[in-house]
Structure formats: C-alpha cells, structure tokens
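What follows is one structure encoded as structure tokens, with my remarks underneath.
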Amino acid sequence: MAAHHGKEGVVTVAGNVAANVTGFTLETSADVVEHTALTDSVKAFTAGRTSWSGSVDMHWDEGVVAQEACDVGASLAFVFLPEGNSGGDISFAGTGLVTGMSVGVSMEGMSTRTVTVQGTGALTQSTV
C-alpha cells in the first residue's frame, strides 16, 4: 500500500480548485440501530443512515473563486482528493451545505479561512 504526503491533497468547490488549501478533514459516519432480541445474550446492531461532513483550511485569498463561493448556507459540490488529482487517485465527492466559516488573523502569521460543510446526500468514492 502506498503512502501519501499531505502536499498531494486537493479540494474542489463547485468545479473550481480551492487554491491555498493548507489541510482538510472528511468524516463519514453511520447511525447504529440495536436489534437485539429479548432472548439474546449478546447485543446485536445494524448500520442505519449514513452521513458525512468536512472542513477545509486555507490561507485567506479573496481572489480565489472556490473560497468566495463558500458563503454560509450555500449548497455546493465538493470533491476531496487526498492523493491528488492524477489518473487513478481516489476522490470523495458530494453536495454539502456550508455550515460555517471562520477567519483567523495573527500579527505574525498568514490570515486563514476555515469552511465547515455538512453533506446533504451520499458521498461517492471513485477514482480520477
């Protein structure tokens, strides 16, 4: 199994590459439903509905179309590419609502923007 360096990661928002990305997270989860019978000695569970959410960390740049599209409440197509965007690389794609945006400014550092996203449908895994 190949290892990948974080510098390979790419994010696209509404079809545009998000420039100046410094990191991202993507989380998937499933509800768990218990279906243990009264006479069972061990609990049993079944996976229920699934969901996904994520966040994208970037250096602030008001000239980047993908950053400017991330208004809170916007429904946008997101593609998360942890290996990069070359042929055969894994991608995770889905539509999500922008649920938050934070800006960080420090005296001696770069201004930053972090966008949080809640998936509104299935997250599809495929290859580029």
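The values are calculated or read from the model by the stated rules, or taken from the named source; none is laboratory data. All values reported here derive from a predicted model rather than from experimental measurement. All Cβ positions, glycine included, derive from the backbone under ideal geometry; neighbour counts span all protein chains shown. Surface areas here come from the heavy atoms of the whole protein model, side chains and all, with no ligands, DNA or RNA. Shrake-Rupley method; radii C 1.70, N 1.55, O 1.52, S 1.80 Å.
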Quick one: how many Å² of Ser91 are accessible to a 1.4 Å probe, rounded to 10?
10 Å²
Among Leu38, Leu76, Leu26: highest mean-square fluctuation, GNM of the chain, C-alpha pairs under 10 Å:
Leu38
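If eta is 1.567 mPa s and T is 4 °C, what Stokes-Einstein diffusion coefficient results for the chain, Kirkwood Rh from Cα pairs, in µm²/s? Mind showing how you got there, number by number?
Numbers: Rh = 16.3 Å.
Approximately 80 µm²/s, per Stokes-Einstein.
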Given +1 on the Cβ of Lys and Arg, -1 on the Cβ of Asp and Glu, and no further charges, what dipole in debye does the chain carry about its Cα centre, rounded to the nearest 20?
200 debye
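Per residue, how large is the accessible surface of the chain? Use a 1.4 angstrom probe and give square angstrom.
Values: 7900 Å² over 128 residues.
Value returned for the chain: 62 Å² of accessible area per residue.
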Around Ser91: net Lys/Arg minus Asp/Glu count, Cβ-Cβ under 14 Å:
-3
Inverse of <1/r> over all distinct C-alpha pairs of the range 52-125, i.e. the Kirkwood Rh in Å, gives 13.3 Å
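Just flag the GluC sites (Glu not before Pro) in the range 21-128 sitting in loop per DSSP whose Cβ has no more than 16 other Cβ atoms within 10 Å.
Numbers: sites: Glu27, Glu34, Glu62, Glu68, Glu83, Glu108; in loops: Glu62, Glu83, Glu108.
Hits after loop and neighbour filter: Glu62, Glu108.
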